[in-house]
Amino acid sequence: MAEIVAIDDQPEVLELLEQLLGPEHRLHPFRHGEAALDFLARQGRPADLVILDLDLGPGHRPGLEILELLRQRHPELIVVILTGKGSIDEAVRAMRLGAADFIEKDPRLAQRLQLQLAKVERLRRVADDNRRLRRRCAWLEERSGPLPEMIGSDAGLAGVWRQIQDLADIPRPVLILGERGTGKELVAAALHRAGNRREGPFITVNCAAINESLAEAELFGHEKGAFTDAAGRRPGKFELADGGTLFLDEVGNMPVSIQKKLLRVIEYQSFSRLRGSREIKVDVRVTAATNADLPAEIAAGRFRSDLYDRLTFDTIVVPPLRERRQDIPALCRHFITGFRREVAGVRCRDISPAALALLADQPFPGNVRELKNLIERAAYRCRDEVIDVADLDLRPGGAEAGEAGGGGLRRRVAEFERRLLRQALAASGGNLRQAARDLELSYDQLRRLVKKHQLGAGRSGDN
């Protein structure tokens with residue numbers, strides 16, 4: 001049903017228009033322009049058409065002035081001029097100011113109006129297509145290349161995949177939880193790709209990086225002059241994500257001052273640009289992610305409980321890498337392939353079983369992101385076609401072990417000793433004699449330590 005605003009100071013003309021338009025159109029009649037402008041400012045979306053009389057009677061702004069205000073505040077709005085025979089010159093002036101057409105008040109008004117409505121419908125479809133294309137182009141400018149994919153088939157991810165399939169087409173927010181580096185954005189991208197919004201944009205907002213003073217403009221856009229550097233109108237992330245998905249990464253770091261406005265937009269799917277007077281209606285599916293303890297943040301007054309409730313239509317928990325170690329080989333080979341594609345001249349093509357065995361024993365507090373950095377660094381250092389233990393340059397008790405360590409001195413020393421043994425055994429392929437030589441231990445000493453830490457018998461190997 002088309003929304004049509006009619007502005008004419010003659011009640012009989014407004015009644016005639018209502019009769020001519022019929023029930024398939026919704027007419028909003030006004031006898032002067034000021035009331036119509038106020039109505040349009042309050043609307044959730046602009047009207048499809050404005051029919052404007054040029055002579056609105058004494059005491060009110062003339063039609064040409066109302067037209068100029070309409071063009072300034074709602075530049076995409078289609079305006080048709082309704083004029084008497086004596087005001088054709090003014091109608092021509094109106095066309096120059098941006099009116100789409102004009103209709104004379106004569107016995108053929110009904111026929112002319114029906115023709116105009118058919119034209120307006122065509123113009124509206126073109127305008128809608130243009131808006132979608134602009135949003136799509138803006139999204140493509142922000143993101144080059146395909147969306148990243150999730151890698152892994154371990155049982156820990158099976159539940160995540162099931163939830164993605166179940167939630168893909170449901171237009172409600174989803175909160176994605178997990179430690180840093182587990183791939184929460186990849187889950188959000190997979191959720192977008194699996195659903196009926198896959199052809200729409202996927203827009204990411206890093207809430208931790210948003211400047212609090214500019215957060216509103218970043219999310220909802222701004223008009224020219226909204227702040228010092230606002231040289232022109234700019235759409236916000238919600239507008240760019242219309243018809244697709246908006247992913248709020250690290251939502252736990254969203255400034256408290258903007259959380260209430262964010263809640264309203266998620267709830268009602270409408271907002272105004274900063275310093276804008278028009279409500280913009282969108283169709284956006286929101287997903288969010290965090291590694292923060294949001295209930296604790298709520299208790300501390302740093303996160304709104306009503307926003308938390310709105311974001312948790314359902315929750316997806318991404319398991320840490322230590323709970324899906326079987327995926328490490330596939331992840332390593334995926335990162336090697338990607339690094340070769342990105343960096344010319346990389347010789348490395350694969351990773352050795354000994355290196356994989358060593359990686360399987362790492363704590364990886366940084367999860368998949370840490371593994372990716374480690375493999376890319378190893379591929380850069382590797383002088384052969386296969387990454388080996390030496391290329392990984394993992395030092396027991398280094399950053400990886402330090403982050404996972406805890407407890408008293410005796411426990412830490414035991415963990416350090418255990419890690420040394422595992423790495424030596426991995427490097428020697430389980431050859432106890434070679435591992436003993438590498439650690440400068442006797443064979444019997446190494447056997448006792450292996451038994452103490454329950455690392456398996458291994459194989460004795462050659463002298």
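As a summary of the residue check, Arg302 satisfies the conditions (1) touching a residue at least 60 places away in the same chain (Cβ under 8 Å); (2) touching a Gly at 6+ places or on another chain (Cβ under 9 Å); (3) within 30 Å of Tyr268 (Cβ to Cβ) except for the one numbered (1). Among the residues of segment 282-305, those identified as of a type in the set (Gly, Ala, Ser) and part of a loop (DSSP other than H, G, I, E, B) are Ala292, Ala300, Gly301.
Among the criteria (1) part of a helix (DSSP H, G or I); (2) closer than 30 Å to Leu175 by Cα, the one Leu356 does not fulfil is (2). What tally of residues in segment 66-85 results from selecting those that are in a helix (DSSP H, G or I) and surrounded by 14 or more Cβ atoms within 10 Å (Cβ to Cβ)? Result for segment 66-85: 7. Of note, Ala110 satisfies the criterion of being over 21 Å from Ala41 (Cα atoms) and either surrounded by fewer than 18 Cβ atoms within 10 Å (Cβ to Cβ) or of a type in the set (Lys, Arg) (or both). Across segment 366-386, not a single residue is classified as closer than 25 Å to Thr287 by Cβ and touching a strand residue (DSSP E or B) at 6+ places or on another chain (Cβ under 9 Å).
Evaluate segment 32-44: report whether one residue or more is among the polar types (S, T, N, Q) and more than 23 Å from Gln114 (Cβ to Cβ). Step through it out loud before you land on a result.
Of the residues in segment 32-44, the ones among the polar types (S, T, N, Q) are 43.
This time we only want the ones that are more than 23 Å from Gln114 (Cβ to Cβ), so: 43.
Yes, segment 32-44 contains a residue that is among the polar types (S, T, N, Q) and more than 23 Å from Gln114 (Cβ to Cβ).
If the condition is being within 24 Å of Ala194 (Cα to Cα), out of contact with any Lys or Arg (no Cβ under 9 Å at 6 or more places or on another chain) and of a type in the set (A, V, I, L, M, F, W, C), then segment 206-246 contributes only Phe238.
Restricted to strands (runs of 3 or more DSSP E) entirely inside segment 167-256, those with at least 2 residues that are of a type in the set (A, V, I, L, M) and in contact with a Phe, Trp or Tyr (Cβ under 9 Å, 6 or more places away or on another chain) are 174-177, 202-206.
On inspection, Ala47 fails the criterion of being in contact with a strand residue (DSSP E or B) (Cβ under 9 Å, 6 or more places away or on another chain), under 20 Å from Glu12 (Cα atoms) and either of a type in the set (Gly, Ala, Ser) or not assigned by TED's automatic domain parsing to the domain that holds Leu113 (or both). Against the condition closer than 30 Å to Leu77 by Cα, under 21 Å from the mean Cα position of the chain (by Cα) and aromatic (Phe, Trp, Tyr), how does Phe271 come out, does it pass? So Phe271 passes the test.
Taking Ser270, is it of a type in the set (S, T, N, Q), closer than 30 Å to Gln43 by Cα and at pLDDT below 90? Spelling it out, it is not the case that Ser270 is of a type in the set (S, T, N, Q), closer than 30 Å to Gln43 by Cα and at pLDDT below 90. Please find, within segment 86-120, the residue that is farthest from the chain's Cα centre (by Cα) out of those that are in a helix (DSSP H, G or I) and of a type in the set (Gly, Ala, Ser). It comes out as Gly86.
Has segment 338-346 got any residue that is in contact with a strand residue (DSSP E or B) (Cβ under 7 Å, 6 or more places away or on another chain) and surrounded by fewer than 20 Cβ atoms within 10 Å (Cβ to Cβ)? Spell out the reasoning first.
Taking segment 338-346 first, the residues in contact with a strand residue (DSSP E or B) (Cβ under 7 Å, 6 or more places away or on another chain) are none.
Among the residues of segment 338-346, not one is in contact with a strand residue (DSSP E or B) (Cβ under 7 Å, 6 or more places away or on another chain) and surrounded by fewer than 20 Cβ atoms within 10 Å (Cβ to Cβ), which makes the answer no.
Total residues in segment 241-258 satisfying the condition of being crowded, with 19+ Cβ neighbours inside 10 Å and not hydrophobic (A, V, I, L, M, F, W, C): the figure is 6. Quick one: would you say Glu250 is farther than 25 Å from Ala189 by Cα and in the same structural domain as Arg193 (by TED's automatic domain parsing)? Against the criterion (farther than 25 Å from Ala189 by Cα and in the same structural domain as Arg193 (by TED's automatic domain parsing)), Glu250 does not qualify.
The values are calculated or read from the model by the stated rules, or taken from the named source; none is laboratory data. In this text, all values refer to a predicted model and were calculated from it rather than measured experimentally. Every residue, glycine as well, gets a Cβ built from its backbone with ideal geometry; the counts of neighbours run over all protein chains shown.
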